[in-house]
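The values are calculated or read from the model by the stated rules, or taken from the named source; none is laboratory data. Everything quoted here is computed from the prediction, not taken from an experiment. All Cβ positions, glycine included, derive from the backbone under ideal geometry; neighbour counts span all protein chains shown. The protein model used for the area step is the full one, side chains on, heavy atoms only, and it has no ligands, DNA or RNA in it. Shrake-Rupley method; radii C 1.70, N 1.55, O 1.52, S 1.80 Å.
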Amino acid sequence: MKSVLIVEDEARIREFIEVNLSARGYRVETAATAEQALELIRQTLPDVLLLDMRLPGISGLALLDILRDESWTTRIAVIAMSASTAHLEAVNDHHPEVRQTLEKPVGVGQLLEAVSQAIG
Amino acid sequence: MAKTLRTLIGSIFRRRGKLFTRDAASLSLQADGATESHPVAAGRFPYQLFGGDEAQVFRSVLKKSPTVIYAHDRDLRYVWVYNLRDGYREPDVLGRTDRDLLPAKYAEPITGLKRKVLESGRGDRQAVQVNPASSDETRFYDLSVEPLLDKQGNVAGLACAATDITDQKLAEERERTQRLLAESMVRITTLLNRSLGLDHNLYEVLGEMERVIPYSAANFVIAQTEAARVVSAREAPGIDPLIATDTFDLEANAVLKAIRETGQPLVSEAVDNSPEWSGDAFAGWVRSYAGLPIHVDGTVVGFLNVGHESPQTFLPAYVRYLEGVANKVSLAIRNAILVTDLQKALERTRRADDLRMTLLSTVSHEMRTPLASIKGFTTTLLAEDVTWDEASERRFLVNIDEEVDKLNELVSQLLDYSRLEAGQLPIRRNQAGMAAIIADVLSQLQIPLAEYRVRVDCPADLPPVYADDRRIAQVLGNLLRNIIKYVPKQTDIRIDVSERGETVVTAVSDQGAGIPPEQQDQVFVPFKRGQAERALQGGAGLGLAISKRIIEAHGGEIWLEEQDKAGATFAFSLPVYSASQIPPDEPPGTA
């Protein structure tokens, strides 16, 4: 069973991703901030990290910088999510390790495809 | 004496050789343009024609010319005079010298010239100044001086002819002044066109004026609504400013008040202690004054003032020049106003552009957040590979429903905000009671507010306000919705209404975390909102910006009170309703 960590500050979007991935057999954990996410990553090392770029406090982009410095995290498949094209372009420019990007709003189909491709 | 005179005239004629030359036997006329038909042109000296006295002929000629002729002895005493002018009489002059008769400033140059001729034995000619017998007025003379020789050929005295050239001199002087003033006006135009700021340019204009007209002190005064302000002033060394204070009451200055009322220049060549000059209006040393109005679009917006310590200094030519300066300054002020208007318009456009950019990026994000939920849950319900239980389905639908409401609220806020920005949100003010408005809002928000302890303190004897009750309800609703968004439940909310002067103040307090100091000056700025709490609730960050505009459109104010305890207090004031405000107004741009 593949594990997915969802980092998303909007509760409803978090819920949408969580129920859909759970229903399709993923083990899902959630975090509303980058700080919570870091703690969970260190504890459980998920297979997939679904990361919203716009977060209160440490941003998604900053979290990616932190993870790059911790080599043991390189096996996590990262999917970056944002409502902003500019944020996703910044991710593509600076973080080639990010497997997939998702521009919100996202439907279930796109979400599932991105996750399965990221795991690849 | 006759012999002396002949010698004298002869020498004058030699000096003015263009008219006559004299040989031993006769004088012949060589004037250009003399016709052959004229008897004189035949080459005979006039006295031979009339057979009369040579001296008599020249007396009558000289009588009609502006030329005085006279002789001096070696001590430069007048020994013979003819055709005296300017009030001088022969008995007073004979036996005396120029030094006896004229002030030193006139006597010395003349005496110098005459001494030179005495010593050198060679004639000379020079323009000199004298004053009439009983006045200070300056007259200009063309003075020609020749030595008179005795039989041994020694210089025994002087023969002089002085021709009055005052009119010509004054005309030249006037022309020179006109030219200087005209050149100065060109420089002033250039000075005023520089982009260094009007105040600075005006100071340079005063400096330029100083080069061409006599003044002890000058200034530019701008008339403002309540006070007049000296924007630029210049004084000669050791002279007090023309007007002592930088700002003063225009009504108390009789002279400037008169200029403003008539719109005409006011010139006084003999300032005295008469009522208009007494008091502090102008410095005590002023003896001559010229004040010119500066008009912009038919209104006197300022004054050019010049003063002099001496009376009779501002000649008509100077006053015309000063009028010209005042006109140039009027144009410059008009241009400055136009430029300022243009800059303001540009600034408004720029701000509108900035706002539009912020709006676009914020709106795109803020709309996508509810859209992301809606899209997510609709596709969740549509997906065929999973069957959801009824409770989950219902929860997803509630989510969609609430996110649609959020989106709708966002759209209405944006609409309200853009209409307020464009001045198109109708504000229909009338008599309104705060108690009714509060009751209305509390009932609208009954469900979410049920989780708070709401206390209202609104005295029964409070006067009505002059307001659009729907818009004020919107403001109060915004404040309460912010509390619902950001403040923990089961806490107190207080609404306190009180009368302060001519206004009614409504204060809404909560027991939340308050506004961090670094965010306090941002709370009314569009699209700024509580960052830390963002995760809890959406919203475009427009509620307080909209509220501020609504309250300001009512002539009131909205503010965040100083935080001396936990929580935040927002308060707004509205004008008290009075009968004189009838009929209810309709602001321009009402849709």
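Some notes on this structure:
- If R0 is taken as 30 Å, the Cβ-Cβ distance between residue B:489 and residue B:392 corresponds to a FRET efficiency of 0.70.
- Intensity falloff of chain B expressed as log10 I(q)/I(0), Debye formula with alpha-carbon point scatterers, at q = 0.08 Å⁻¹: -0.83
- Antiparallel bridge percentage (DSSP; both residues within the protein assembly as shown; nearest 5): 75 percent
- Accessible area in square angstrom per residue, chain A, 1.4 angstrom probe: 42 Å²
- Calculated FRET efficiency for the pair residue B:436/residue A:58, C-beta based, R₀ 60 Å, to 0.05: 0.80
- Cα gyration tensor, segment B:186-324 - rounded (a/c under 1.5), prolate or oblate: rounded
- Selection from B:304, B:316, B:225, by position along the positive dipole direction of segment B:187-325 (Cβ): B:316
- Positive-end residue of B:517, B:464, B:501, charge dipole of segment B:449-520 with Cβ unit charges: B:517
- Mean Cβ count within 10 Å, highest first, over the residues of peptides B:247-260, A:77-90: A:77-90, B:247-260
- Ordering B:64, A:2 by accessible surface, largest first, gives B:64, A:2; the 1.4 Å probe counts only protein heavy atoms, with every chain in place.
- Shape of segment A:1-53, Cα gyration tensor, a/c cut at 1.5: oblate
- Within a straight-line Cα-Cα reach of under 28 Å, residue B:64 can be paired with the following lysines, leaving aside sequence neighbours fewer than 8 residues apart in one chain: B:3, B:18, B:114, B:169.
- Summing Cβ point charges (Lys, Arg +1; Asp, Glu -1) relative to the Cα centre of segment B:358-485 gives a dipole of roughly 560 debye.
- Accessible surface, per residue, of segment B:128-220 when the full set of protein chains is kept, probe 1.4 Å, Å²: 50 Å²
- Divide the volume of the convex hull around the Cα atoms of segment B:265-306 by the residue count and you get 74 Å³ per residue.
- Dipole magnitude of chain A, debye to nearest 20 (Cβ charges: Lys/Arg +1, Asp/Glu -1, about Cα centre): 380 debye
- Cα shape, chain A, gyration tensor, a/c 1.5 rule: rounded
- 19 Å Cα-Cα reach of residue B:105 towards aspartates and glutamates, excluding residues that sit fewer than 8 places from it in its own chain: B:86, B:136, B:137, B:142, B:164
- Comparing B:550, B:346, B:148 along the charge dipole axis of chain B, the residue lying farthest to the positive side is B:148, per the Cβ-charge model.
- Drop in accessible area of at least 40 Å² in the complex versus isolated chain, residues of segment A:62-85, 1.4 Å probe: A:83
- Of all lysines in the structure, those lying under 22 Å Cα to Cα from residue B:489, and not within fewer than 8 positions of it along the same chain, are B:406, B:565.
- When its C-alpha radius of gyration is set against 2.2 N^0.38 Å (N residues), segment B:322-419 gives a value of 2.17.
- Check: chain B dipole with +1 on Lys, Arg Cβ and -1 on Asp, Glu Cβ, in debye: 3640 debye
- The helix-based estimate of mean residue ellipticity at 222 nm for chain B, built from -39,500 (n - 2.57) per DSSP H run of four or more residues and divided by its residue count, is -14000 deg cm²/dmol to the nearest 500.
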